[in-house]
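A short worksheet on the structure shown next.
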Amino acid sequence: MEGDSARFTQFSKSSSFLASKQVHAVSISMPSSPLGLNPENDKRMSNVSVNHDNSSTNFAAGPPTSSRNASPRLPTQAKSYSVHMQADTLNADRLQLSDQPSSCLIDSQRDKRTMKSFKSFKTFSGRLERQITMLRGKPVEEIKSSDGPPPQEVEVLPVDRYFDALDGPELDRLKDAEELILPEDQEWPFLLRFPISSFGICLGLSSQAILWKTLSSAPSLTFLHVSPIVNLVLWFASIAIVAIISTIYTLKIIFYFEAVRREYYHPIRINFFFAPWIACLFLVMGLPPLLVKTVPPMAWYFLMAPIFCLELNIYGQWMSGGRRLSKVANPSNHLSIVGNFVGALLGATMGLKEGPLFFFAIGFAHYAVLFVTLYQRLPTNEKLPKELHPVFFLFVAAPSVASMAWARINGSFDNVSRIIYFIALFLYMSLAVRINFFRGFRFSLAWWAYTFPMTGASIATIKYTNEAPHAVNLALSIALSCISSVTVTSLLITTVIHAFVLRDLFPNDIAIAITKKKAKIVKKNSHIMKLSPLDIPLREVTVSNQ
């Protein structure tokens with residue numbers, strides 16, 4: 001009996017030892033499972049460990065049936081908890097995925113609004129896209145539903161609206177209270193950012209070709225030994241520039257005609273529509289003698305026809321239309337006058353008589369009216385910008401070319417030609433001595449239109465020196481030619497830097513994207529006017545009593 005009791009005691013100790021090992025094995029392995037991540041699971045695990053402890057004690061007293069009933073609960077609980085954690089993870093992922101489409105929808109809606117605003121400036125307003133989509137086999141109803149409402153056409157703005165919404169020497173800066181119909185925080189398409197004032201580059205380079213042709217052939221400047229090769233190089237460079245700029249702006253007319261129409265109604269930009277035809281006249285005048293000796297007269301009629309059509313429209317509006325000269329007069333209007341004198345000079349050089357005299361008379365009459373209007377600054381005239389700018393050098397362009405045109409029509413540099421030339425020379429000097437007048441301005445493409453007046457004054461001085469050779473005239477001819485060439489060279493370098501280094505040569509052209517309605521200016525203290533006169537004393541009394 002004693003042996004049996006000893007054996008039973010040893011068996012109970014070994015079984016309790018194995019039970020304790022089993023409980024420790026369960027308690028150690030559980031935290032490694034996902035159950036430890038949930039506080040509810042921690043409570044359940046504590047209950048499980050307690051049950052195991054109870055089972056171990058019961059196992060020591062009797063048969064090990066309770067431990068067999070407790071051990072199967074562990075895998076089932078682990079499975080249920082792991083599924084619960086997977087459901088929470090899936091819910092979190094669904095929340096993250098539900099947030100992403102909302103931002104994508106906002107971006108897509110913003111892109112659609114941007115595309116609609118750009119489509120309003122397109123010529124065909126999306127018709128070409130619809131035709132391409134129909135060729136792919138998409139029904140018309142789906143096209144209409146995807147496109148949404150058709151974009152509104154850009155309305156023609158009156159001249160007063162440009163003065164109300166814009167500021168600056170070229171009316172290209174938006175006032176603070178104004179808004180645009182195109183997004184300001186995005187870069188617009190290149191064609192929308194390409195202005196008509198880019199043709200000023202053509203005027204500057206092509207006039208330089210004429211200057212160096214004159215320097216190489218002038219009898220009074222033969223001692224300089226200027227090679228005609230310089231004229232040839234400048235002429236080919238001018239041809240390339242004119243071809244590139246004309247092609248780009250032709251594409252703008254084809255694809256964004258509404259933007260071109262807005263430029264035409266702009267009080268400053270409308271004058272630059274004469275620039276491409278004046279540049280072509282300069283190219284014919286600066287044609288190198290090494291290439292062609294004579295030019296057929298039909299070329300003159302072909303180039304003067306669009307200038308005549310523009311003058312019929314613009315000069316007629318000056319007299320009776322909504323674009324009265326007393327309201328829109330600015331120095332850039334000289335571009336619409338210079339074409340008459342340049343055409344008269346070229347026609348007289350070709351041997352024509354009546355045509356050049358006709359355009360000279362038109363230019364002389366309108367230049368006199370414009371000159372007086374700009375000098376008087378009538379009360380009805382819009383106030384010119386206060387920014388200092390070389391725009392006033394356009395005053396020199398018309399009389400300089402007019403003196404040479406009349407000399408060619410009359411056959412000699414007579415007294416009339418000299419009087420007109422002296423007017424141009426005085427205007428040039430009156431602007432050159434005012435150094436402070438040309439400080440504090442920013443670079444723009446319109447500067448190129450202000451270079452050919454200097455070149456015109458230089459060529460007129462050389463023509464005058466041929467008729468009246470004198471040391472002072474020779475020195476003046478060389479000095480003005482050097483100033484003109486240096487100015488064009490510096491502008492060319494500046495343009496290249498802004499185009500390829502700084503890449504800000506063509507910013508968003510806000511002048512064509514202003515709204516039709518004038519912005520409402522809200523007064524800051526407008527709420528005080530709504531109070532009655534007795535409100536303020538009563539409030540003061542209550543405050544003082546407190």
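The values are calculated or read from the model by the stated rules, or taken from the named source; none is laboratory data. Remember, it's a predicted structure, so these values are computed and weren't measured experimentally. Please note: Cβ atoms are built from the backbone with ideal geometry, for glycine as well, and neighbour counts cover all protein chains shown. When the accessible area is computed, the model is the full protein with side chains, heavy atoms only, and any ligands, DNA or RNA have been set aside. Shrake-Rupley method; radii C 1.70, N 1.55, O 1.52, S 1.80 Å.
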Exercise for the section: Could you list, in sequence order, all residues of the range 304-324 that are within 29 Å of the chain's Cα centre (by Cα) and either modelled with pLDDT of 95 or more or aliphatic (A, V, I, L, M) (or both)? Expected result: 306, 307, 310, 314
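Given the criterion outside any loop (DSSP other than H, G, I, E, B) and either under 22 Å from residue 164 (Cβ atoms) or open to solvent by 40 Å² or more (accessible area, probe 1.4 Å) (or both), identify the matching residue among 254, 278.
254
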Practice task
Starting from residues that are small (Gly, Ala, Ser) and free of Cβ contacts under 8 Å to residues at least 40 places away in the same chain, keep the ones in the range 201-243 and report whichever is farthest from residue 470 (Cα to Cα).
Solution key: 243
Problem - Among the residues listed as 472, 486, 416, the single one being part of a helix (DSSP H, G or I), without any contact (Cβ under 8 Å) to a residue 12 or more places away in the chain and under 30 Å from residue 509 (Cα atoms) - result: 486
Practice task
Would you mind telling me which numbered condition in (1) closer than 21 Å to residue 270 by Cα; (2) touching a Lys or Arg at 6+ places or on another chain (Cβ under 7 Å); (3) of a type outside the set (Ser, Thr, Tyr) residue 231 fails?
Solution key: (1)
Problem - Identity of the residue in the range 420-445, within 16 Å of residue 396 (Cα to Cα) and of a type in the set (Gly, Ala, Ser), that ends up modelled with the lowest pLDDT - result: 432
Exercise for the section: Check the range 238-248 and report whether any residue there is within 30 Å of residue 156 (Cβ to Cβ), small (Gly, Ala, Ser) and surrounded by 23 or more Cβ atoms within 10 Å (Cβ to Cβ). Expected result: no
Exercise for the section: Scan (1) in contact (Cβ under 8 Å) with a residue 24 or more places away in the chain; (2) outside any helix (DSSP H, G or I); (3) out of contact with any His (no Cβ under 7 Å at 6 or more places or on another chain) for the single condition residue 505 breaks and write down its number. Expected result: (3)
Problem - Test: residue 507 is at pLDDT below 95 and more than 45 Å from the chain's Cα centre (by Cα) - result: no
